[in-house]
Amino acid sequence: MDTQMLIGSKFEKGTETEEPILNPKTGATILSLPEASQAQIEAAVTAAERAFVLWSRTTPAQRSGYLLNIADRIEAAAHEFATLEALNCGKPINAVLNDEIPAIVDCYRFFAGAVRSMPGVVAGEYIPGHTSMVRRDAIGIVASIAPWNYPLMMMAWKLAPAIAGGNTVVFKPSEQTPLTALKLAKILADILPEGVVNVVLGRGDSVGNTLINHPKVNMISITGDVATGKKVLQAAAKSVKRTHLELGGKAPVIVFDDADLGAVVNGLRAFGYYNAGQDCTAACRIYAGKKIYDKLVADLSSAVSTIKYDRPDDTENEIGPLISRRQRDRVSSFVERAAELKHIEITTGGKPGEGSGFYYQPTVVAGALQEDEIVRREVFGPVVSITRFSEVDEAVNWANDSDYGLASSV
């Protein structure tokens with residue numbers, strides 16, 4: 001198991017506070033990893049700065065070749081990556097191997113092609129005697145901070161477009177799920193020039209905070225909650241850094257009375273609970289027409305009650321546990337507060353799983369109203385709420401009445 005950070009061409013362990021890395025299925029500690037020191041963070045930024053001089057001058061064809069090589073190496077080690085991701089995140093092995101790894105490989109290949117076919121504005125003489133044109137130049141050093149729900153996939157989403165565009169990166173995985181990032185770092189060091197990608201470990205309020213406030217960082221890319229996004233914008237404003245923020249979600253699903261009920265139930269069973277609902281696009285906020293509402297509640301509750309989890313044979317599991325005890329307790333508190341409301345009924349689930357793992361029962365919350373917390377706030381767990389509507393405009397207005405964005409369905 002790889003345990004060292006990548007700084008320039010060197011692999012080294014952090015020197016600061018150790019963070020326990022847990023197996024969410026059992027609660028057991030896999031190992032502990034120390035976070036990067038301030039000196040190590042500075043060295044990573046310096047390595048990225050030096051690498052940018054030459055990397056930004058490579059051709060799209062050259063960078064495309066590097067990306068294709070990375071994709072091939074990940075694909076060749078698919079089972080190793082999947083096994084490690086399943087261990088660190090608690091994901092079912094089949095979900096990682098059959099869903100996530102192919103998408104990760106495709107991400108690198110997509111940007112390998114995209115960088116060679118960039119569209120551009122036609123040059124022209126808009127002022128007599130002068131030709132005007134638009135150039136696409138690399139931005140510089142990108143500080144990329146990834147979440148814990150899809151560690152390797154989010155790493156691909158952040159690295160592939162950034163390095164395809166000629167930028168260099170200092171990448172920080174979540175302190176809870178760094179294992180596949182450290183494994184990929186070995187491959188990146190074999191393929192890419194020194195310093196193009198650097199990987200450092202640590203918590204957001206220490207290592208992450210240093211990166212987003214670093215004067216030499218030109219852009220910040222982060223996937224996280226809204227509160228974290230606000231902190232990033234505040235930090236970026238100090239030196240007018242560019243930002244890329246992918247924040248929380250509370251995806252609405254409007255189900256009309258004439259919908260194919262079977263198809264709706266199958267879709268919600270899959271996409272409301274995939275990755276144990278730890279997905280910012282999870283279909284978790286359902287608005288159902290008054291005629292279909294009762295049948296939808298009954299059929300969805302029945303279907304959700306059959307979702308398989310915590311089976312000894314991991315190939316049978318459809319969802320895994322939540323990432324941590326803290327996250328499980330957070331999800332549980334949302335459902336407990338909802339259950340206290342007289343108009344709400346928990347029609348299936350509603351309790352933590354048994355044992356030492358961080359499981360939570362797949363849950364349906366029926367009778368929720370638009371103003372309820374369970375409808376308004378991101379739960380980030382295997383919990384779906386259902387709200388009855390009477391008129392089309394009412395459903396559309398409720399769907400749009402949210403502090404979040406990202407996804408929606410009809």
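Just so you know, all these numbers are worked out from the coordinates, no wet-lab data involved. Since we're looking at a predicted model, the values are computed, not measured. Cβ placement follows ideal geometry from the backbone for every residue including glycine, while neighbour counts extend to all protein chains displayed.
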Gyration tensor verdict on segment 331-410 (Cα atoms; rounded if a/c is under 1.5, prolate if a/b is larger than b/c, oblate otherwise): prolate
Long-range amide H partners of TYR360, meaning residues 5 or more apart or on another chain whose placed amide H is closer than 5 Å, are LEU322, GLY353
Please list, in chain and number order, the residues 5+ apart from ILE30 or on another chain whose amide H is under 5 Å from its amide H, with Hs placed from the backbone. ILE21, LEU22, ASN23
Phi to ³J(HN,Hα) by Karplus 6.51 cos²θ - 1.76 cosθ + 1.60 over segment 164-178, Hz, x for Gly, Pro: 4, x, x, 8, 10, 9, 10, 10, 10, x, 4, 5, 8, 9, x
When ARG377, ARG73, ARG285 are arranged by how many other beta-carbons sit within 10 Å of their Cβ, fewest first, they go ARG377, ARG73, ARG285
The chain, Kirkwood Rh and Cα Rg, ratio Rg/Rh at 1.01
Taking Cα atoms, the helix 78-89 axis meets the longest principal axis of the chain at an angle in degrees (rounded to 10) of 60
Step through the residues of segment 227-241 one at a time and calculate ³J(HN,Hα) from phi using the Karplus curve (6.51 cos²θ - 1.76 cosθ + 1.60, θ = phi - 60°), rounding each to whole Hz and writing x for Gly and Pro. 4, 5, x, 5, 5, 5, 4, 5, 5, 5, 5, 4, 10, 6, 6
Nearest-ten-degree value, helix 261-271 long axis tilted from longest Cα axis of the chain: 40
Just the Cα atoms of segment 251-400: what Rg and Dmax do they give in Å? 14.6, 47
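Ignoring everything except DSSP H segments at least 4 long, calculate the 222 nm mean residue ellipticity for the chain; use -39,500 (n - 2.57) per segment, divide by total residues, nearest 500. Each step should come with its number before you reach the end.
Numbers: 13 runs with 157 residues, N = 410.
The helix-only estimate for the chain comes to -12000 deg cm²/dmol at 222 nm.
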Only four residue types carry charge here, +1 at the Cβ of Lys and Arg and -1 at the Cβ of Asp and Glu. Report the dipole size of segment 251-400 about the Cα centre in Debye, rounded to the nearest 20. 360
Short version: ³J(HN,Hα) in whole Hz for each residue of segment 103-119, in order, from phi by Karplus 6.51 cos²θ - 1.76 cosθ + 1.60 (θ = phi - 60°), x for Gly and Pro, what are they? 5, 5, 4, 5, 4, 5, 6, 4, 6, 5, x, 4, 5, 9, 9, 6, x
Considering amide H positions built from the backbone, and no H for Pro or chain starts, which residues 5 or more places from TYR287, or on another chain, come under 5 Å of its amide H? VAL253, ILE254, VAL255, THR387
Helix 293-304 sits at what angle to the longest principal axis of the chain, using alpha carbons and giving 0 to 90 degrees rounded to 10? 60
Of LYS295, LYS250, LYS186, which has the largest mean-square fluctuation in a 10 Å C-alpha GNM of the chain? LYS295
